[in-house]
Amino acid sequence: MRILVTGATGTLGGALLPALVKAGHQVRALSRAKRESRGNVEWVWGDLISDAGVEDAVRGMDAVAHLATSGRKGRGAVDVPGTRMLIAAARAAGVPHLLFTSLVGADRVRTGYPGYKREAESLVAGSGLGWTVLRATPFHQWLDRRLSEVAALPVLPVDRSVPWQPVHTGEVAARAADLLAGGPAGAVEFGGPQVLGTDDLVETWLRAKDLRRPRLPVRFPGRQYAAQRAGLLLTDATPKGRITWHDYLLPPAPAPSDDFATEHTASPTSPANQPEQDPDLRVYGGDEGYERPTRS
Ligand SMILES: NC(=O)c1ccc[n+]([C@@H]2O[C@H](COP(=O)([O-])OP(=O)(O)OC[C@H]3O[C@@H](n4cnc5c(N)ncnc54)[C@H](OP(=O)(O)O)[C@@H]3O)[C@@H](O)[C@H]2O)c1
């Protein structure tokens, strides 16, 4: 299949591109930065706010994976008007399937970032295109970055009443790749394997980073945290991810083999002789033929 990926340089895009290439698809990747095309990835320049390059980007595609976002501080600029423009271009080009990535709870929370995702979801569902909305829980990498920011403070504010269900982007990407191959599926939720209290989340993170911080019990304000506290951002949907927060931060050591001879005489490419890899690569077994671009 020929698949356009918006948001290809983002956290999820960086995991989806190798998954699609590995599955044998031809990938067109959209970015606001100019990049060199390599192998099965063609990079095209485009901007979902000004609409520049979008019409050309969707032409000839069998599916569009729309991951691009202006983020929590972006006031929905890419998520809502950008999605509207992308839908218009995809309709004009006769693209059969649009997959949009959203948040678990976007259908239940009306404010803030989830509110923009909700608005975009209804544009996608009413687009007349074949559609899939893949709602995911917060990514390990995103929580890791947020905790790193908060850890700059001398004390860590912790709201014990807020639950989290972190998920690995490699597994979200694998789910997205399956859904793209399977065709329009409507709304689908995908969450991490465990629900953790903020205390557990923070405790594991501090241990993994070998940091010590006093914790300050607080109650996070606002309607979004109230929704999270009420469990509205969690999902029971199956399948769910298998890589836990603990595994992401402290990957388990490879199991020792009790067959020394087999381990040491097997060919250098045998799985027994491969080093433990990055969790993204563990999910896919490698991203041969694809080199993730760096942000410019
Ligand atoms: N992060 C999470 O924990 C989480 C959880 C659940 C669902 N999601 C959803 O998953 C998707 C991907 O999230 P992410 O965390 O991977 O995103 P991210 O790392 O913040 O990346 C954002 C991407 O959007 C692109 N972008 C921003 N403005 C653009 C514009 N004007 N025109 C075109 N592209 C633009 C950026 O590309 P360039 O800078 O190269 O142009 C970048 O690749 C989003 O839909 C998000 O809502 C995220």
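The values are calculated or read from the model by the stated rules, or taken from the named source; none is laboratory data. If you're wondering where the values come from, they're calculated on a predicted model, not measured in any experiment. Glycine also receives a Cβ, built like all others from the backbone with ideal geometry; neighbour counts cover every protein chain displayed.
What the table shows:
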quantity	calculated
Given (1) touching a residue at least 40 places away in the same chain (Cβ under 8 Å); (2) within 12 Å of the ligand (Cβ to nearest atom), number of the condition ARG146 does not satisfy	(1)
Residue pairs meeting the criteria (Cβ under 9 Å; at least 6 apart or on separate chains; first closer than 10 Å to GLY82 by Cβ, in segment 49-60; second among the aliphatic types (A, V, I, L, M) and not in a helix (DSSP H, G or I))	ILE49/ALA77; VAL54/LEU30; VAL54/LEU48
Yes/no for THR6 being under 19 Å from the mean Cα position of the chain (by Cα), within 14 Å of the ligand (Cβ to nearest atom) and surrounded by fewer than 18 Cβ atoms within 10 Å (Cβ to Cβ)	no
Residue within segment 5-15 that is part of a strand (DSSP E or B) and touching a residue at least 12 places away in the same chain (Cβ under 8 Å) present	yes
Checklist (1) near the ligand (Cβ under 8 Å from one of its atoms); (2) modelled with pLDDT under 95; (3) farther than 28 Å from PRO193 by Cα applied to SER31, failing item	(2)
Condition met for VAL21 (touching a helix residue (DSSP H, G or I) at 6+ places or on another chain (Cβ under 9 Å) and surrounded by fewer than 23 Cβ atoms within 10 Å (Cβ to Cβ))	no
In segment 215-254, the residues that are buried (at least 18 other Cβ atoms within 10 Å of the Cβ) and among the aromatic types (Phe, Trp, Tyr)	TRP245, TYR248
Cross-chain or 6+ apart pairs with Cβ under 7 Å, segment 64-83 first and free of Cβ contacts under 8 Å to residues at least 60 places away in the same chain, then in a loop (DSSP other than H, G, I, E, B) and more than 10 Å from the ligand (Cβ to nearest atom)	SER70/GLY76
Residue tally, condition outside any helix (DSSP H, G or I), hydrophobic (A, V, I, L, M, F, W, C) and either in contact with a strand residue (DSSP E or B) (Cβ under 6 Å, 6 or more places away or on another chain) or more than 19 Å from ARG229 (Cβ to Cβ) (or both), over segment 128-177	14
Qualifying positions in segment 20-38 - among the aliphatic types (A, V, I, L, M) and not in a loop (DSSP other than H, G, I, E, B)	LEU20, VAL21, VAL27, ALA29, LEU30
Residue check, VAL133 crowded, with 18+ Cβ neighbours inside 10 Å and either aliphatic (A, V, I, L, M) or free of Cβ contacts under 8 Å to residues at least 60 places away in the same chain (or both)	yes
Helices (runs of 4 or more DSSP H) enclosed by segment 182-268 - at least 2 residues per element that are hydroxyl-bearing (Ser, Thr, Tyr) and either modelled with pLDDT under 95 or under 20 Å from PHE139 (Cα atoms) (or both)	198-209, 260-265
Single condition ARG75 does not satisfy, out of (1) over 20 Å from GLY126 (Cβ atoms); (2) at pLDDT 95 or above	(2)
